[in-house]
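**Student:** The structure is given below, and queries will be raised subsequently.
Quick note: the coordinates plus some simple rules give every number you see, no bench work behind them. Every value quoted in this text rests on a predicted model; they were computed, and no experiment measured them. When we count neighbours, we look across all protein chains shown, and the Cβ atoms used for this are built from the backbone with ideal geometry, even at glycine.
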Amino acid sequence: MYSKLNIETWNRKEHFHFFCKFDEPYFGLTSLVDVTKAYAQAKERKISFFIYYLHKSLIAINRLQAMKYRIFGNEVHLYDKIHASATINRDDGTFGFSFIIYDEDFSVFEKNAHAEIERIRKSTNLFPERNGQDAVHYSSIPWVRFTSLSHARHFAAPDSAPKISFGKTETNFGQITMPCSIHVHHALADGKDVGDYFDLFQTLLDI
């Protein structure tokens with residue numbers, strides 16, 4: 001479900017029209033997040049660390065209005081709920097795109113995630129049956145501790161969903177950190193919105 005934004009009364013009206021004209025309207029930032037407590041929580045509860053921090057990221061996304069805007073033609077839609085379209089690796093070295101239904105209740109989200117991961121690993125399809133703009137495009141690159149990241153982009157295809165990637169964790173003096181990259185459509189979000197995501201994501205990881 002979504003509601004249509006009145007662009008004419010939006011305080012970002014000029015920003016929206018300006019950045020919509022760009023050939024590449026996305027901008028991205030990479031930052032380290034402290035996952036020490038989150039990693040310990042996942043291990044103590046014997047749950048997937050990936051699913052645990054993915055859920056924390058989605059909670060942050062769903063609490064930030066700027067991350068729930070999507071562009072459709074000349075309209076901006078504000079979604080009620082945003083889900084996860086994450087890349088899931090297979091044993092044969094390929095991957096498939098998932099669509100994991102978000103729920104604020106972790107136990108429900110965990111069941112959704114495990115069911116979708118199992119479905120993808122048993123299939124050879126690249127795309128899920130359900131696929132839409134009401135999602136964040138997630139990827140995990142646990143083999144690389146990156147400091148920046150770019151994405152393959154098909155400029156002719158309309159796209160305004162945020163893209164978030166997680167990298168390899170590293171432990172120093174008892175602290176575990178992980179690189180996190182986020183790319184957003186500049187017609188919908190600014191640097192402060194990205195900063196708000198990192199702040200809230202870190203707060204949730206520390207709970």
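**Student:** Can you tell me the length gained on complete extension of the stretch Phe127 to Phe27, counting 0.36 nm per residue apart and subtracting the Cα distance?
**Tutor:** Contour length minus Cα-Cα distance gives 33.5 nm.
**Student:** Sequence gap at least 6, Cα distance under 8 Å: using those rules, report the relative contact order of segment 111-207 to the nearest whole percent.
**Tutor:** 22 percent
**Student:** Turning to a different aspect of this structure: Order of Trp10, Trp143 from fewest to most other C-beta atoms within 10 Å?
**Tutor:** Trp143, Trp10
**Student:** List the residues whose amide H sits under 5 Å from the amide H of Ser160, counting only those 5 or more places along or on another chain, with H placed 1.01 Å from N in the peptide plane.
**Tutor:** For Ser160, whose amide H was placed from the backbone, the distant partners under 5 Å are Ile71.
**Student:** What ranking of Lys111, Lys4 emerges when the number of other C-beta atoms within 10 Å of each C-beta is taken as an exposure proxy, fewest first?
**Tutor:** Lys4, Lys111
**Student:** With θ set to phi - 60° and the Karplus curve 6.51 cos²θ - 1.76 cosθ + 1.60, what are the ³J(HN,Hα) couplings of segment 29-35 in order, to the nearest whole Hz, using x for Gly and Pro?
**Tutor:** 9, 10, 9, 7, 10, 8, 10
**Student:** Collect residues whose amide H, placed 1.01 Å from N in the peptide plane, falls under 5 Å from the amide H of Ile176; neighbours closer than 5 in sequence don't count.
**Tutor:** Under 5 Å from the amide H of Ile176 lie the amide H atoms of Val35, Thr36, each far enough along the sequence or on another chain.
**Student:** Which residue fluctuates the most in the chain, going by a Gaussian network model with Cα springs under 10 Å, if the choices are Ile61, Ile141, Ile100?
**Tutor:** Ile141
**Student:** Let me ask something else. Using only Cα atoms, tell me the angle between helix 106-121 and the longest principal axis of the chain; keep it within 0 to 90° and round to the nearest 10.
**Tutor:** On a 0 to 90 degree scale, this one is about 90.
**Student:** Got the relative contact order for the chain handy, in percent, Cα pairs under 8 Å and 6 or more residues apart?
**Tutor:** 30 percent
**Student:** Running a GNM on the chain with Cα contacts under 10 Å, which residue among His77, His154, His15 ends up with the highest mean-square fluctuation?
**Tutor:** His154
**Student:** Multiply the residue gap between Ile7 and Ala156 by 0.36 nm, knock off their C-alpha separation, and tell me the result in nm, one decimal place.
**Tutor:** 51.3 nm is the gain from fully extending Ile7 to Ala156.
**Student:** Also, I was wondering about something else. For segment 143-154, just list the computed ³J(HN,Hα) in residue order, Karplus coefficients 6.51, -1.76 and 1.60, θ = phi - 60°, integers in Hz, with x standing in for Gly and Pro.
**Tutor:** 8, 10, 9, 7, 10, 7, 7, 10, 10, 5, 9, 9
**Student:** Something else about it: With both partners inside segment 2-205, how many of the DSSP beta bridges are antiparallel, as a percent to the nearest 5?
**Tutor:** 75 percent
**Student:** Given 0.36 nm per residue, what is the gain on full extension from Asp206 to Asp92 after removing their alpha carbon distance, in nm?
**Tutor:** Stretched fully, the Asp206-Asp92 segment lengthens by 37.5 nm.
**Student:** Run the dipole for the chain about the Cα centre, Lys and Arg Cβ at +1, Asp and Glu Cβ at -1, nothing else charged, and hand back the magnitude in debye, nearest 20.
**Tutor:** Here the size comes out at about 300 debye.
**Student:** How do Val108, Val33 line up, fewest other C-beta atoms within 10 Å first?
**Tutor:** Going from sparsest to densest Cβ surroundings: Val108, Val33.
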